[in-house]
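Read the structure below first, then the notes.
The values are calculated or read from the model by the stated rules, or taken from the named source; none is laboratory data. These numbers were taken from a predicted model, which means no experiment stands behind them. Cβ placement follows ideal geometry from the backbone for every residue including glycine, while neighbour counts extend to all protein chains displayed.
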Amino acid sequence: MSVYFIAQININNKNIYQQYINSAGEVFSKYKGRYLAVDDSPVCLEGFWDEGRIVLIEFPSKKDFNDWYYSAEYQEILNYRFKGAICNTILILGK
């Protein structure tokens, strides 16, 4: 069953966040994730949604997600994202 990683990202230091971006693609390519959407200006239709980038990534299974997210390579660069942006992330199950 597919899982979807959704990140709401408010970048507060572009230089530090760019260090994350510079390495994320290489690490990501080793795993089975697939970017479905990256949007810097999403439109809120209902309720309240913080401004910022939204990223939607699909993984074939929760195991594939875990292999990526908890890999030593990803954990090494994740600090750049934490230092360069405020992020809210969730993982949801597909049908």
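Here is how the numbers come out for the structure above:
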{"quantity": "Candidate set from the range 43-56 (those that are hydrophobic (A, V, I, L, M, F, W, C) and surrounded by 13 or more Cβ atoms within 10 Å (Cβ to Cβ)); member that is farthest from Val27 (Cα to Cα)", "calculated": "Ile54"}
{"quantity": "Complete set of residues in the range 79-95 that are assigned to a helix (DSSP H, G or I) and of a type in the set (S, T, N, Q)", "calculated": "Asn79"}
{"quantity": "Single residue of the range 57-78 satisfying the filter (outside any helix (DSSP H, G or I) and within 14 Å of the chain's Cα centre (by Cα)) that is surrounded by the fewest Cβ atoms within 10 Å (Cβ to Cβ)", "calculated": "Tyr70"}
{"quantity": "Single unsatisfied condition, Ile54 versus (1) more than 15 Å from the chain's Cα centre (by Cα); (2) assigned to a strand (DSSP E or B)", "calculated": "(1)"}
{"quantity": "Scan of the range 25-35 for residues that are surrounded by 13 or more Cβ atoms within 10 Å (Cβ to Cβ) and modelled with pLDDT of 90 or more, ordered by number", "calculated": "Tyr31, Lys32, Gly33"}
{"quantity": "Test: residue in the range 2-25 that is of a type in the set (A, V, I, L, M), under 15 Å from Ile57 (Cα atoms) and touching an Asp or Glu at 6+ places or on another chain (Cβ under 7 Å)", "calculated": "no"}
